[in-house]
Amino acid sequence: MDVTLHLAQDPEADALLGRSPLAALVGMLLDQQIPMEWAFQGPATIARRMGAEDLDAHDIASRDPEQFAALLAEKPAVHRYPGSMAGRVQKLCQYLVEHYDGDAEALWRDAGSGRELLGRLQALPGFGKQKAQIFLALLGKRLGVRPEGWREAAGDYGEPDSFRSVADITGPESLAKVRAHKQEMKAAAKAGKAAKTAEK
């Protein structure tokens, strides 16, 4: 795996995401309640603070939880909630060590179908269905991981030429389109909530 991603909008961080399966997974895990670029810069920041060029699941899984949380909380913090996200990153790495000998790429290397791969992603700590589908779309659209039926398994996120998620970002222009789509979805959800409240 060695491709150019444009998720962090930072050359060093994006280079790591493009060559490191674990970094891409951790970035996806961090991508909630903070701007996307901040989330995907996280893996490079964690690696740098650990004095490494890449993330290592065995290393992260075995670290003292308090020390690892402190590492994520250093200014600038890796996430708005560095303590709880440190715990999630460690749980993810512990799961990978237990089930895949710490090899993140083994998740998709031999997946026989899109549905099987989606199931493996949903089994990861911190990955619900939506996050798993977005990551599956990212694998298919940007990283060339395309088991049979991957688009169907990724749902709407697998649609070609759409601008729904991080899977569709190739640079600043597509980033702006994805951001606009997310804002529309948020506004629609808010309006739906307000309508339901008004009906009561």
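The values are calculated or read from the model by the stated rules, or taken from the named source; none is laboratory data. Everything numeric in this text was worked out from a predicted model, so none of it was measured. For neighbour counting, all protein chains shown are included, and Cβ atoms are generated from backbone atoms with ideal geometry for every residue, glycine included. Ligands, DNA and RNA are stripped out before the accessible areas are found, and what is left, the full protein with its side chains, is counted by its heavy atoms. Shrake-Rupley method; radii C 1.70, N 1.55, O 1.52, S 1.80 Å.
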Item checked: Check: the chain dipole with +1 on Lys, Arg Cβ and -1 on Asp, Glu Cβ, in debye -> 1060 debye
Check: Of the peptides 33-42, 125-134, 19-28, how do they stack up when ordered by the mean number of other Cβ atoms within 10 Å, highest first?
Finding: 19-28, 33-42, 125-134
Margin query: So if I average 1/r over every pair of distinct C-alpha atoms in the chain and take the inverse, what Kirkwood radius in Å does that give?
Written below: 17.4 Å
Notebook entry, point to check: What's the local net charge at residue 131, with K and R +1, D and E -1, over the other residues with C-beta under 15 Å away?
Noted result: +4
Checklist line | Neighbour-limited loop hits for GluC sites (Glu not before Pro), segment 44-89 (at most 14 other Cβ within 10 Å; DSSP other than H, G, I, E, B) | finding: 53, 74
Check: Lys/Arg Cβ at +1, Asp/Glu Cβ at -1, dipole of the chain taken about the Cα centre: which of 61, 40, 107 is farthest positive-ward?
Finding: 40
Next item on the list: Using a 1.4 angstrom probe on heavy atoms only, work out the carbon and sulfur share of the accessible area of the chain in %.
Entry: 49 percent
Check: Just from its helices, what would the mean residue ellipticity at 222 nm be for the chain, if runs of 4 or more DSSP H residues each count -39500 (n - 2.57) and the sum is divided by every residue, rounded to the nearest 500 deg cm²/dmol?
Finding: -19500 deg cm²/dmol
Next item on the list: Mind running the shape call on segment 42-98? Use the C-alpha gyration tensor, a ≥ b ≥ c as the square roots of the eigenvalues: rounded below 1.5 for a/c, prolate if a/b tops b/c, oblate otherwise.
Entry: oblate
Check: To the nearest Å, what is the center-to-center distance of segment 88-141 and segment 13-72, using C-alpha atoms only?
Finding: 16 Å
Margin query: Apply the a/c threshold of 1.5 to the C-alpha gyration tensor of segment 115-200 and tell me whether it is rounded, prolate or oblate.
Written below: oblate
